[in-house]
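Shown next, in structure tokens, is the structure this report addresses.
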Amino acid sequence: MVNGKEKIAYFYDSDYTGYYYGADHPMKPQRIAMTHHLILGYGLHEHMDVYRPRRAQHDELTAFHNNDYVGMLQTTTPEEARSDPRAFLKYGIELDCPIFHGLFDFCRLYAGASIDAARKLVNGDADIAINWAGGLHHAKKGEASGFCYVNDCVLGILELLKAHARVLYVDIDIHHGDGVEEAFYTTDRQGKGPSGVMTVSFHLKREGFFPGTGALEDKGELLGRGYSLNVPLDEGIDDEQYLGLFRPTLDAVMRSFQPGAIVLQCGADSVKGDRLGPWNLSLQGHAAAVAHVKAYGVPMLVLGGGGYIKTTVARAWTLETAVLTGQSVEDALPENPYLEYFGPDFRLGWDRPKYNVNFNKRADLDRLGRRVQEHMRSLAAAPGVGLSAHPPEALLPACDLEDPEVVHARLGEYTKAHCGHFLWCVEEGYAGPGA
């Protein structure tokens, strides 16, 4: 447990400014540098231990990812990918996830930061560890997806499981955290012990919105049954509605699951005005969710994620760095190399004026909240393992499974949903033969 003044580790590398997905691609790694320079301008770095990340090694990446997939990322050039695009579709390489110069180095850098941040928590060198370059939650075991190539969230969780019996993953990106959920969907901890990982995702769920997964009914299967919690929301949700559901949901999860560590993915595309995200969360509302998780006093790995207005992302993650360090900052932005991008207001707390129609009705949210609470009550009490104890590798509990045909039917529907986005890309001509 975190007591008194927290020790905070912060990871950043100036090399992030050198990576480029492409001219028309919404993902801009430069947003990480813009965040960093606001953090420096406010002096927040003085309240953290600042580290330059180490690049992850091949065997660290293959702790989750397939060896051949990692090899493809390492050896494929942009020219090769363009010359025979169909050869790389099985790896998810298409318009959303192009091969660009320096891609593998970029992956090693942000993944290494998340792995080492998790190790700081495991070794007791930090109570909170921050990697705003991380949070790339869509990547699958052998497939890139949704601008994500290496799933540093999963790698961080696996590192934390070396010391903590239970790890909670919380995702506040507007897109469903499908890659992390899928990694643990049929087993609680890669098959190595009782109830080690629970995933909780708050996201937009509507027809045609990526990745198309994350239904309330998707709760995990086999040993993972009950340990995936999805909170699907409609367009236009505001601070009051979101926090009114987020806070009691997390409180119930904490009471039941009792995690020894938390991984919090803070995608900023859930903030109002994002190019891809049609919600009405303010910067302060997004930060309030981070503050609520911090208040549990459990070691936290804090990661970035989505966010496609660079200045909004930088504002959000700077404000949340202030929350995590317990510092108050002025609304007027400090001098920094990117200041001109923040005009004409030059304020930290400025929310973009765009408003999205709110389709979230009170009755629907109340009903959703009740179902979430029922789900948590249905979970068995947290296993009798001390929070600081290493989970047992043997003596696995007996698993009283349902009818296999019923389970397989549900898994078939889950897989079908996860393939939906790719099939849509094929239909639209973005992937597949002739693309």
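Throughout, read-outs are computed from the coordinates displayed, never taken from laboratory work. All values derive from a computational prediction rather than experimental measurement. Here the Cβ positions follow ideal geometry from the backbone for every residue, glycine too, while neighbour counts run over all protein chains shown.
Below, the figures for the structure above:
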{"item": "Neighbourhood charge, 15 Å Cβ-Cβ cut-off, centred on Lys120 and excluding it, Lys, Arg +1 and Asp, Glu -1", "result": "-2"}
{"item": "Calculated P(r) of the range 8-381 - Cα pairs past 27 Å, %", "result": "44"}
{"item": "Full-extension gain in nm, Asp331 to Tyr355, via 0.36 nm per residue minus C-alpha separation", "result": "6.4 nm"}
{"item": "Normalised contact order of the range 191-328, rounded percent, pairs of Cα under 8 Å and 6 or more residues apart", "result": "20"}
{"item": "Förster-model FRET efficiency, 51 Å R0, Arg367 and Ser83, C-beta, rounded to 0.05", "result": "0.45"}
{"item": "Shape category assigned to the range 118-255 from the gyration tensor of Cα positions, a/c cut at 1.5", "result": "rounded"}
{"item": "Efficiency of FRET from Cβ geometry, His25 and Arg52, R₀ 25 Å, rounded to 0.05", "result": "0.45"}
{"item": "Summed residue charge, Cβ within 13 Å of Ala139's Cβ, Lys/Arg positive, Asp/Glu negative", "result": "-4"}
{"item": "Cα→Cβ-extended label distance, 7 Å offset, between His292 and Asp68, nm", "result": "4.4"}
{"item": "Theoretical gain in end-to-end length, Asp125 to His101 [0.36 nm per residue, Cα-Cα removed]", "result": "5.2 nm"}
{"item": "Across Lys7/Lys120; Lys90/Lys205; Lys120/Lys219; Lys205/Lys310; Lys205/Lys361, pairs whose alpha-carbon gap is larger than 19 Å", "result": "Lys90/Lys205; Lys120/Lys219; Lys205/Lys310"}
{"item": "Rel. contact order, % - alpha carbon contacts under 8 angstrom, at least six apart, the range 1-132", "result": "41"}
{"item": "Pairwise FRET efficiency - Asp59 versus Glu217, Cβ, R0 = 45 Å, nearest 0.05", "result": "0.75"}
{"item": "Antiparallel content of DSSP bridges confined to the range 8-381, in %, to 5", "result": "10"}
